[in-house]
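Working notes for the structure below.
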Amino acid sequence: MNNQIKIRKAPIEQKPVLEKLMQLYLHDFSEYDKNDVNPDGLYEYKYLDSYWTENDRHPFLIYHENQFAGFVLVNSHVILEENKGAKSIAEFFILRKYRRKGIGSSAASSVFDMFPGKWEVALEKENKPSHEFWRKVISDYTEGKFSEIIPSDETLHGPIQSFDNS
């Protein structure tokens, strides 16, 4: 892992930081999910509070040289029945200035290392750049030992990748 990158669990005191970074993430993501801001001019993410109240949710901040570089939210809410009990990347965000520098892949690998076992990464169908990113990251991390399912139904989900790092 790049020594300049740190992943730290976000304590409740840093929730306001994560909320602000979430606004940037949801703004970027609105290109794919077509969501709009609420009457207060903010994007809504209804699950954020639960990352400090539910045991199976884990909020992390990503730092590069002690500066905020992004965040990752991990939970155990999977789509595929065979992955029940697995960890899942719920949301993953790297600030634009830090993209394409290996920070995202280092951060993802570090988070995978924190939770040995089964993993599922479900991607938004329309977010094609994420498909390329996660295929490469997971393939490199697992040395190609992962499976990818492309849902045949008309869900919002694109590829779903799963692997076991036990």
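Bear in mind these aren't lab numbers, they're just calculated from the coordinates by the rules spelled out. Computed from a predicted model, the values in this text were never measured in an experiment. Neighbour counts are summed over all protein chains in view; Cβ atoms, including those assigned to glycine, are modelled from backbone coordinates with ideal geometry.
Summary of computed values
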quantity: Residue (of ASN66, ALA108, PHE146) at the positive-pole extreme of segment 61-166, dipole from beta-carbon charges; calculated: ASN66
quantity: The chain, helix-only ellipticity at 222 nm - DSSP H runs n ≥ 4, -39,500 (n - 2.57), divided by all residues, nearest 500; calculated: -9000 deg cm²/dmol
quantity: Inter-label distance, nm, simple model (7 Å from Cα along the C-beta direction), ASP40/ILE149; calculated: 3.7
quantity: Rounded to 5, percent antiparallel among DSSP beta bridges of the chain; calculated: 95
quantity: Likely footprinting exposure, GLU124, GLU82, fewest C-beta neighbours within 10 Å first; calculated: GLU82, GLU124
quantity: Residue order, fewest to most surrounding Cβ atoms within 10 angstrom, among ASP40, ASP113; calculated: ASP40, ASP113
quantity: Spacing of the two label points (7 Å from each Cα toward its C-beta) at ASP164 and GLU82, in nm; calculated: 1.1
quantity: Calculated FRET value between ASP49 and ARG8, using beta carbons and R₀ = 25 Å, to 0.05; calculated: 0.80
quantity: Distance violations [Cα-Cα > 28 Å] among LYS46/LYS145; LYS20/LYS87; LYS87/LYS145; LYS34/LYS136; LYS97/LYS136; LYS6/LYS34; calculated: LYS46/LYS145; LYS6/LYS34
quantity: Neighbour-count ranking [beta-carbon atoms within 10 angstrom, fewest first] of LYS118, LYS46; calculated: LYS46, LYS118
quantity: Alpha-carbon spread of segment 15-98, three principal axes, descending order, Å; calculated: 37, 35, 24
quantity: Segment 44-119: relative contact order in percent, alpha carbon pairs under 8 Å with at least 6 residues between; calculated: 22
quantity: Local net charge near ILE94, Cβ-Cβ under 11 Å (Lys/Arg +1, Asp/Glu -1); calculated: +4
